[in-house]
Amino acid sequence: MLELIKTNSDNSDFKSLIIQLDDFLKITDGEDHDFYNQYNGLDTINHVVVAYIKNKPVGCAAFKPFDKSTVEIKRMFTTKAARGQGVAKAVLNLLEIWAKQLDYQYSILETGIRQLEAIQLYKSCNYKITDNYGQYKGIDQSLCFKKEL
């Protein structure tokens, strides 16, 4: 059974999952990894969701305020063993509900063009491709999405 908890970036299970995510992205992003990684610091993120199956952490994501009306989804990850079980959709859905409760109206996110599973996930969750924003403007390897909450 899937259990989701709201927490922050101090959560040790979140930190452990992020190490796994970064290892995965080093391979997937290849030579572009250093560019993307500079924007993925874990300063303090106050809005984190960690997913558990049988008390084992299997997925996570977070959001940060982007502007007054928009949050940016960051650090989406599901362990290989838990993929295909609805973990990512559940985590993303809870983040969206949380952001809406805090009066945000939009959610944005960026993923690399090589992240085919992520692209499919976001499209299936009603995210629409949008112009690249912020640090991703002009970056051909980035694909940005937006959704009204």
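The values are calculated or read from the model by the stated rules, or taken from the named source; none is laboratory data. Everything numeric here is computed off the predicted structure, so don't read it as measured data. Please note: Cβ atoms are built from the backbone with ideal geometry, for glycine as well, and neighbour counts cover all protein chains shown.
Here the range 1-13 is the region considered, the condition is being modelled with pLDDT under 95 and under 16 Å from residue 48 (Cβ atoms), and the residue that is farthest from the chain's Cα centre (by Cα) is 10.
Answer yes if at least one residue in the range 80-88 is out of contact with any helix residue (DSSP H, G or I) (no Cβ under 9 Å at 6 or more places or on another chain), buried (at least 18 other Cβ atoms within 10 Å of the Cβ) and among the β-branched types (Val, Ile, Thr), and no otherwise. Within the range 80-88, one or more residues are out of contact with any helix residue (DSSP H, G or I) (no Cβ under 9 Å at 6 or more places or on another chain), buried (at least 18 other Cβ atoms within 10 Å of the Cβ) and among the β-branched types (Val, Ile, Thr).
How many of the residues making up the range 111-135 are of a type outside the set (Phe, Trp, Tyr) and either modelled with pLDDT under 95 or assigned to a helix (DSSP H, G or I) (or both)? Summing the residues that are of a type outside the set (Phe, Trp, Tyr) and either modelled with pLDDT under 95 or assigned to a helix (DSSP H, G or I) (or both) in the range 111-135 gives 15.
If the condition is being assigned to a loop (DSSP other than H, G, I, E, B) and either of a type in the set (Gly, Ala, Ser) or out of contact with any Leu (no Cβ under 8 Å at 6 or more places or on another chain) (or both), then the range 49-102 contributes 54, 55, 68, 69, 83, 84, 86, 102. Per this entry, residue 115 is not counted among residues that are touching an Asp or Glu at 6+ places or on another chain (Cβ under 7 Å), surrounded by 12 or more Cβ atoms within 10 Å (Cβ to Cβ) and among the polar types (S, T, N, Q). From the set of residues in the range 14-60 that are in contact with an Asp or Glu (Cβ under 9 Å, 6 or more places away or on another chain) and of a type in the set (Phe, Trp, Tyr), which is modelled with the highest pLDDT? Here the answer is 52. Total residues in the range 90-121 satisfying the condition of being out of contact with any helix residue (DSSP H, G or I) (no Cβ under 7 Å at 6 or more places or on another chain) and of a type in the set (D, E, K, R): the figure is 4.
Taking first residues from the range 132-149 that are among the aromatic types (Phe, Trp, Tyr) and partners that are in a loop (DSSP other than H, G, I, E, B) and crowded, with 16+ Cβ neighbours inside 10 Å, the Cβ contacts under 7 Å between residues at least 6 apart in sequence or on separate chains come to 145/127.
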